[in-house]
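Rule-based calculations on the coordinates, nothing more; no lab input. Not measured: the values here are computed from a predicted model. Positions of Cβ are generated from backbone atoms using ideal geometry, with glycine treated the same way; all protein chains shown enter the neighbour counts.
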Amino acid sequence: MMEIKWRTTIEIQELEPKILYSQKILSLGSCFSVEIAQKLKSLQYQIFTNPAGITFNPISILTILKRVFSSDSLPEDQLNNQNGIWSHSDFHSSFNKSNKEDYILNANLNLSRASEFIKQTEYVFITIGTAFVFEDLKTGNIVNNCHKRPSNCFKRQLLTKEQIKEALSEIKQLLDDNSQKEINFIFTLSPVRHTRDGIVENMHSKAICLNAIHEFINENDRCHYFPSFEIMIDDLRDYRFYKRDLIHPNDLALDIIFNRFEKFGLFEKEEDLRNRIKNVNQSLQHKPLFPDSEEYKKFEKNRTQKINDLTSQYPWMQF
């Protein structure tokens, strides 16, 4: 009997060399980069995510990396105050504060931490979300976040393939220059649809980004591609894999994509270690019916021993 084919599978060229637990990973870009980073973090990989918060376009990723490697403090006069809340156009709204000094302190601290982390970074995961950007008409700068300022403060524009490639080139050069390690770069296109741009415009934007990424990878060494966009759009082309907004991948889709990422990029011989960590994570989610029972006390003791065994061997791990 002929096997029925019910889905389109995607052949993925595996990463070489693959990521080891001893190596540090920097994750940059859109909200999808955060989702992947959180899954890697839950497996206790050493990872730093987005020094300025979620960043959707490559120009803003470059801008914030320049800030990371600058010795200058964040200038006060670049902050905006709206309804008593301080913000900065290069930073995500998760950084916003009601106190200006607290904002600057927190932003500078995160930039400094990123700078130190990057010195030992060996893998950089970059997720590009869109080619659409907003130019601040007052400064002429491309902003990462408009922070709900009036629309007449900005001009919307579509980056060209050449502009994206130039930004990626500068990003790679900056990171290579500031890491003491040899870096491998993993690029992906975010599978999240930017429907506020319009469906047709979103696909136009994605096409430009995808073209730029592939040309850049073909022209540079140590650059790799992970097809998260293609997995979501072609393999998982069903609304059951989306959240209620019909835009973002749901938990099942993210699990499937990350499972493919594990096979693509994580060292096979450390799979047993990953399974030990998954086992501990699962046990930490356990909610006992009888927390005072002897059986549960034994369960807790066994779990604590497993955690101690892991953290004594891998000091950076935190459960």
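Worth pointing out:
- Placing unit charges on each Cβ (+1 for Lys and Arg, -1 for Asp and Glu) gives the chain a dipole about its Cα centre, and among Ile54, Ala207, Gln157 the Cα reaching farthest toward its positive end belongs to Ile54.
- Under Karplus coefficients 6.51, -1.76 and 1.60, residue-wise ³J(HN,Hα) of the range 10-20 in Hz, glycine/proline x: 10, 7, 10, 6, 6, 5, 9, x, 8, 7, 9
- Sites Ser293 and Ser42 - FRET efficiency at Förster radius 35 Å, r taken between beta-carbons, to 0.05: 0.80
- Cross-link pairs Lys119/Lys165; Lys243/Lys278; Lys243/Lys297 - those with Cα-Cα distance over 28 Å: Lys243/Lys297
- Inter-centroid distance (Cα atoms) of the range 201-235 relative to the range 104-121, Å: 28
- Over 18 Å (Cα to Cα) - which of Lys66/Lys161; Lys39/Lys306; Lys24/Lys172 fall in this group: Lys66/Lys161; Lys39/Lys306
- Ordered by the count of other Cβ atoms within 10 Å of each Cβ, fewest first, Val192, Val200, Val34, Val68 give Val200, Val34, Val68, Val192.
- Cβ-based exposure ranking for Cys209, Cys31, in which fewest neighbours within 10 Å come first: Cys31, Cys209
- The range 132-265 shape via C-alpha gyration tensor axes, a/c threshold 1.5: oblate
- Loop sites in the range 147-236: GluC sites (Glu not before Pro), DSSP, at most 15 other Cβ within 10 Å: Glu182
- Relative contact order of the chain, pairs being alpha-carbon contacts under 8 Å that are 6 or more residues apart, as %: 20
- Note: the range 101-206, Cα convex hull, 139 Å³ per residue.
- Shape call, the range 269-319: gyration tensor on alpha carbons, a/c limit 1.5: prolate
- If you run the Gaussian network model on the chain, springs between alpha carbon atoms under 10 Å, then out of Ile186, Ile85, Ile126 the most flexible one is Ile85.
- For the chain, the dipole from Cβ point charges (+1 on Lys and Arg, -1 on Asp and Glu) about the Cα centre works out to 800 debye, to the nearest 20.
- With the convex hull drawn around the C-alpha atoms of the range 13-112, the volume per residue stands at 131 Å³.
- In whole angstrom, the chain maps to an equivalent ellipsoid with semi-axes of 34, 26, 21, each derived as √(5λ) from the alpha carbon gyration tensor and ordered largest first.
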